[in-house]
Amino acid sequence: MQRFDAIVLGGGAAGLMCAIEAGKRGRRVAVIEHSDRCGKKILISGGGRCNFTNLHCTPQNFLSANPHFAKSALARHTPAYFISLVEKHRIPYHEKTLGQLFCDGSSREILQMLENECQATGARIFVNTRVTEVTRTTEFVLRTASTEFRAPALVVATGGLSIPKMGATSFGYDLARQFGLKIQETRPALVPLLLNPDDCKHYCDLAGVSAGVSASSGGATFTEKMLFTHHGLSGPAILQISSYWKRAAPIHIDLAPGREVTAIFRDSKIPRTLAALRSAFHESLPSRFANRWLEINAPSTLDNRALETLERDTHHWTLTPAGTEGYDKAEVTAGGVDTDELFAKTMEARKVPGLFFIGEVVDVTGQLGGFNFQWAWASGASAGRSL
Ligand SMILES: Cc1cc2nc3c(=O)[nH]c(=O)nc-3n(C[C@H](O)[C@H](O)[C@H](O)COP(=O)(O)OP(=O)(O)OC[C@H]3O[C@@H](n4cnc5c(N)ncnc54)[C@H](O)[C@@H]3O)c2cc1C
């Protein structure tokens, strides 16, 4: 039997940060990780360069049934705090775009930094350790096949359901239910969308073509790149709105944001021919997509009215996706442990003293761009400092 002041279940981004902060306060901490190493998602994140935070992080960058919940943790643990850690470890980084900070080298440096910090504070990491049962008497008891871990505090940092082959499990949600906590329904987020068969017939052979668009759904709009895939749509604009998209709802895409594609035809000297129309669209869209769009949408006559309709449709392409590519391809899981169940300052469960939930398992989901790690660091540090 092994006794600690706190057990952190899950050695990902949030769990490691929590262990570091609790360890710095002199707590004896165990991190229990069921796979063969910690932080696998950190390693694959940001295309191997880990977009570890975002300089412009605000509560508006997060989705939750309670949009106010994340404010406290985010305000007390800002990106500057994590950046100072990165600088202390002399990890070179750069701003890629829109405040997104990436390692110059590799995500491995971020994981190594977290593991070194854990080691410095004396936190013990147990990998390949599978918990079969969690009970609570005067303290939390976690059973594995060969031993038992006991502590007065248990921090659940088991992440979401995305990428099961990286070790994602529903363990955290099941544990929340076991202790009577509500869950906001989970769904894949930051995930490619599948086109319905009719739209796919028209566009899926354009796989690999990308265009700068404004995509909207569920009250959110993102102006970024959209990418055609063999099954539908992806790229940052689509990944972002996928988090706001509800099944069977339409999405709207402005294919030429801020531009009037047919403006040249106001000049009466420009001939109103399909060739001229095509070259006008080539100015705004990749040529393969422009040609396909016109094959499907070009009017038979190019009078003012028809051009107005074409212009309007180009700014308001409405599609109803058939679904998403699911947890196998989702970067994160939206929904999770209901924030009404947790204290916002500490992440402790209101009705189960000593039980904490941090990171992606909580119903707080960041937009694309380093916000999900920022939530993992902020919620992990909040819990760690209250242990
Ligand atoms: C491909 C990809 C790229 C990403 N890139 C970025 C990025 O660049 N920037 C960004 O901000 N976000 C990115 N994300 C999202 C980010 O990785 C997650 O939001 C973040 O890792 C969540 O941290 P977490 O600690 O809550 O969960 P995780 O990091 O998923 O950690 C959970 C840990 O718990 C372990 N675990 C699960 N069940 C159990 C159990 N029963 N017992 C013990 N251990 C268990 C898991 O093995 C894992 O180690 C990316 C995600 C993916 C999939």
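The values are calculated or read from the model by the stated rules, or taken from the named source; none is laboratory data. Note that the structure is a prediction, hence the values are computed from the model and not measured. Every residue, glycine as well, gets a Cβ built from its backbone with ideal geometry; the counts of neighbours run over all protein chains shown. SASA here: full protein model, heavy atoms, side chains in, ligands and nucleic acids out. Shrake-Rupley method; radii C 1.70, N 1.55, O 1.52, S 1.80 Å.
Structural remarks
- Residue check for Ala306: among the small types (Gly, Ala, Ser) and surrounded by 17 or more Cβ atoms within 10 Å (Cβ to Cβ): no
- Selection of the stretch 250-265 for residues being closer than 25 Å to Ala334 by Cα and open to solvent by 30 Å² or more (accessible area, probe 1.4 Å) yields Pro250, His252.
- For the stretch 362-376, taking the residues that are under 12 Å from the mean Cα position of the chain (by Cα) and aliphatic (A, V, I, L, M), the one that is surrounded by the fewest Cβ atoms within 10 Å (Cβ to Cβ) is identified as Leu368.
- If only residues of the stretch 18-61 that are near the ligand (Cβ under 10 Å from one of its atoms) and among the hydroxyl-bearing types (Ser, Thr, Tyr) are counted, the one that is least open to solvent (accessible area, probe 1.4 Å) is Thr53.
- Scanning the stretch 90-100 for residues that are open to solvent by 30 Å² or more (accessible area, probe 1.4 Å), in contact (Cβ under 8 Å) with a residue 12 or more places away in the chain and either away from the ligand (no atom under 15 Å from the Cβ) or in contact with an Asp or Glu (Cβ under 8 Å, 6 or more places away or on another chain) (or both) turns up Pro92, Tyr93.
- One residue stands out in the stretch 160-201 among those that are of a type in the set (Ser, Thr, Tyr) and under 15 Å from the mean Cα position of the chain (by Cα): the one that is farthest from the ligand (Cβ to nearest atom), namely Thr186.
- Any hit, the stretch 344-351, residues being among the polar types (S, T, N, Q), loosely packed, with under 14 Cβ neighbours inside 10 Å and over 30 Å from Lys165 (Cα atoms): no
- Residues considered: Glu87, Glu139. Of these, the only one that is away from the ligand (no atom under 14 Å from the Cβ) and farther than 20 Å from Arg28 by Cα is Glu87.
- Qualifying residue in the stretch 137-146 (condition: closer than 30 Å to Gln240 by Cα, surrounded by fewer than 18 Cβ atoms within 10 Å (Cβ to Cβ) and touching a residue at least 60 places away in the same chain (Cβ under 8 Å)): no
- Filtered residues of the stretch 377-386 (kept if within 16 Å of the ligand (Cβ to nearest atom) and either open to solvent by 10 Å² or more (accessible area, probe 1.4 Å) or closer than 12 Å to Ala153 by Cα (or both)): Ala383, Gly384
- Filter pass, Val361 being under 30 Å from Asp198 (Cα atoms), within 16 Å of the ligand (Cβ to nearest atom) and of a type in the set (A, V, I, L, M): no
- The residues on offer are Ala145, Ala176, and the sole one that is of a type outside the set (S, T, N, Q), more than 29 Å from Thr365 (Cβ to Cβ) and not in a strand (DSSP E or B) is Ala145.
- Filtered by the rule that a residue be farther than 18 Å from Gly12 by Cα and assigned to a loop (DSSP other than H, G, I, E, B), the stretch 329-366 gives Lys329, Asp338, Phe343, Ala344, Lys345, Thr346, Arg350, Lys351, Val352, Pro353, Gly354.
- Exactly one residue out of Leu277, Leu355, Leu319, Leu285 is open to solvent by less than 30 Å² (accessible area, probe 1.4 Å), under 30 Å from Glu95 (Cα atoms) and over 22 Å from the mean Cα position of the chain (by Cα), and it is Leu285.
- Of the numbered criteria (1) open to solvent by less than 30 Å² (accessible area, probe 1.4 Å); (2) touching a strand residue (DSSP E or B) at 6+ places or on another chain (Cβ under 7 Å), the one Ala168 fails is (2).
- Just one of the listed residues (Thr346, Thr301, Thr318) is away from the ligand (no atom under 15 Å from the Cβ) and at pLDDT below 95, namely Thr301.
- Within the stretch 6-20, residues that are more than 16 Å from Arg37 (Cα to Cα) reach partners that are within 6 Å of the ligand (Cβ to nearest atom) with beta carbons closer than 9 Å, at six or more positions or on different chains, in the pairs Ile7/Ile32; Cys18/Ala157; Cys18/Gly359.
- Applying the criterion of being part of a loop (DSSP other than H, G, I, E, B) and in contact with a Gly (Cβ under 9 Å, 6 or more places away or on another chain) to the residues of the stretch 1-17, the residue that is farthest from the ligand (Cβ to nearest atom) is Asp5.
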